[in-house]
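Questions regarding the structure given below will be posed in turn.
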Amino acid sequence: MSIGHTLLGLLESGPRHGYDLKRAFDEKFGHDRPLHYGQVYSTMSRLLRNGLVVVDGIEAGSGPERKRYAITDAGITDVQRWLATPEKPEPYLQSTLYTKVVLALLTHRDAADVLDTQRSEHLRSMRILTDRKRKGDLADQLICDHALFHLEADLRWLELTAARLDKLREAVTR
Amino acid sequence: MTPPAGSLLWAEQLRKAYGPTLALDGAEFSIHPGEVVAVMGPSGSGKSTLLHCLAGIVTPDAGTIMYGGRELSAMSDAERSALRRSEFGFVFQFGQLVPELTCVENVALPLRLNGSSRKEAERAALTWMERLEVDELRKKRPGEVSGGQGQRVAVARSLVTNPRVLFADEPTGALDSLNGERVMELLTDAARSTDAAVVLVTHEARVAAYSDREIVVRDGRSRDMERAV
């Protein structure tokens, strides 16, 4: 995920302090991975340098100064461009698993075992997501569904590979 | 071997052949009350045969199945039939409801077959239909309800006798994702609340994710992934 674009997008509804941005990000997108303050401030410095945000005001308090950021027209255009650009699909996500399976075959280990163990691990993650989905709100459900469908796609690959192990063994040990 | 402590249904070394085809070749299984176990594996791996053996529908050629401390193969056909009617519940993928009966009559049917009065059976049926959120369909016939609704009616029927084991063979196979998930939520919630064990045959990972653990059947042999890890 592009943190910069996400923070920019959050600024479109109005100027915010760095702390508010972090809180909004964590609430809507952070879930398992909340942002570090350092990430927020380094990202905002970069956006400032690139003219995508400006400092809208500074509040002096007992602690460090609190900058309030506002998005610029260039920032809005950048968010628009990001939203309109499709993400690159990652067709080789399975390469590590493929390597493990082939290595198992080459070294005369049980490749079905590799696949079964991976399936079990995937299902373990799917159980956690399913449970979270059942207890969560609509946002949780949609986020978990996205992860679940990806894990399910991996599992389909695992099943298909398991069904083709004999042919794969022939091919790689030829 | 002896069944693990607390297991409700347990099997070992099951073999079953259909002609020259070996459907089960040393399969094992165990489940505790309140547990949901997914039986996974590719088509033709033997998972449905395993379910049918465990439920006493099919007799294995060899091996042992123990249910509640009794050996299934030592029971008479009549005893096994009685067991299936009173202690086991079944949900399948298709065509389980009797088209001529209303939904509430369908749900009440297992109780009627067990000798309950119509009033008593339909009262219990309605309680389960409410839990499965299909009580408003009570007077409709199966042909008048959607696939997802019909499947929930079938789940209500499978639970109406308060079975100790629920056998579900691809229960969401004919449903879309949303309906399938709702059926699984309701089915597993209902089973857990009554401490029923669920043997869930599925090839769908999203459905298996509602289970507590899975066993994988391949070439008639089973592998308990929890014990394997």
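If you go through the stretch B:22-29 one residue at a time, do you hit one that is closer than 30 Å to B:Thr194 by Cα, of a type outside the set (A, V, I, L, M, F, W, C) and in a strand (DSSP E or B)?
Yes: one or more hits.
Filter the stretch B:151-180 down to the residues that are among the charged types (D, E, K, R), within 12 Å of the chain's Cα centre (by Cα) and buried (at least 23 other Cβ atoms within 10 Å of the Cβ) and list them by number.
B:Arg157 - this is the single residue of the stretch B:151-180 that is among the charged types (D, E, K, R), within 12 Å of the chain's Cα centre (by Cα) and buried (at least 23 other Cβ atoms within 10 Å of the Cβ).
A further question on this structure: So B:Val39 ticks every box in (1) more than 14 Å from chain A (Cβ to nearest Cβ); (2) within 19 Å of B:Val199 (Cα to Cα) but one. Which box is left unticked?
Only one criterion in (1) more than 14 Å from chain A (Cβ to nearest Cβ); (2) within 19 Å of B:Val199 (Cα to Cα) is unmet by B:Val39, namely (1).
Starting from the stretch B:204-217, take each residue that is over 19 Å from B:Gly44 (Cβ atoms) and at the interface with another protein chain (Cβ under 7 Å from one of its Cβ atoms) and list its partners that are at pLDDT below 95 and in a loop (DSSP other than H, G, I, E, B), counting only C-beta distances under 7 angstrom and pairs at least six apart or across chains.
Filtered contacts from the stretch B:204-217: no entries.
Which members of the stretch B:42-73 meet the condition of being of a type outside the set (Ser, Thr, Tyr), buried (at least 16 other Cβ atoms within 10 Å of the Cβ), in contact (Cβ under 8 Å) with a residue 60 or more places away in the chain and more than 14 Å from chain A (Cβ to nearest Cβ)?
Matches in the stretch B:42-73: B:Gly46, B:Leu50, B:Leu51, B:Leu54, B:Ala55, B:Met66.
Sort through B:Met225, B:Met184 and tell me the only one that's surrounded by fewer than 21 Cβ atoms within 10 Å (Cβ to Cβ) and either free of Cβ contacts under 8 Å to residues at least 40 places away in the same chain or at positive phi (or both).
Numbers: B:Met184 fails: surrounded by fewer than 21 Cβ atoms within 10 Å (Cβ to Cβ).
So the residue among B:Met225, B:Met184 that is surrounded by fewer than 21 Cβ atoms within 10 Å (Cβ to Cβ) and either free of Cβ contacts under 8 Å to residues at least 40 places away in the same chain or at positive phi (or both) is B:Met225.
Restricting the first residue to the stretch B:4-24 and requiring it to be free of Cβ contacts under 8 Å to residues at least 60 places away in the same chain and among the β-branched types (Val, Ile, Thr), which pairs with a second residue that is assigned to a strand (DSSP E or B) and loosely packed, with under 11 Cβ neighbours inside 10 Å meet a Cβ separation below 7 Å and a spacing of at least six or different chains?
Correct list of pairs: empty, since none qualify.
Output the residue which, of all residues in the stretch A:121-159 that are of a type in the set (Val, Ile, Thr) and within 19 Å of B:Ala38 (Cβ to Cβ), is nearest to the other protein chains (Cβ to nearest Cβ).
Within the stretch A:121-159, the match that is nearest to the other protein chains (Cβ to nearest Cβ) is A:Thr130.
Among the numbered criteria (1) assigned to a loop (DSSP other than H, G, I, E, B); (2) out of contact with any His (no Cβ under 6 Å at 6 or more places or on another chain), which one does B:Gly6 miss?
Against the list (1) assigned to a loop (DSSP other than H, G, I, E, B); (2) out of contact with any His (no Cβ under 6 Å at 6 or more places or on another chain), B:Gly6 comes up short only on (2).
Every residue, every condition in (1) of a type outside the set (Lys, Arg); (2) surrounded by 18 or more Cβ atoms within 10 Å (Cβ to Cβ); (3) assigned to a helix (DSSP H, G or I), yes or no:
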site	(1), (2), (3)
A:Gly75	yes, yes, yes
A:Leu97	yes, no, yes
A:Ile128	yes, no, yes
A:Asp131	yes, no, yes
A:His146	yes, no, yes
A:Arg169	no, no, yes
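Within the set of pairs 6+ apart or on separate chains, which have a first residue in the stretch A:1-15 that is at negative phi, a second that is of a type in the set (Lys, Arg), and C-beta atoms under 6 Å apart?
From residues that are at negative phi, the pairs are A:Pro15/A:Arg68.
Still on this structure: Report those helices (runs of 4 or more DSSP H) wholly inside the stretch B:129-229 carrying at least 3 residues which are of a type in the set (S, T, N, Q).
Numbers: elements: B:147-159, B:177-193, B:205-208, B:225-228.
Counting at least 3 such residues, we get B:147-159, B:177-193.
The values are calculated or read from the model by the stated rules, or taken from the named source; none is laboratory data. Quick caveat: nothing in here was measured; it's all calculated off a predicted structure. All Cβ positions, even for glycine, are placed from backbone atoms using ideal geometry, and neighbour counts span all protein chains on display.
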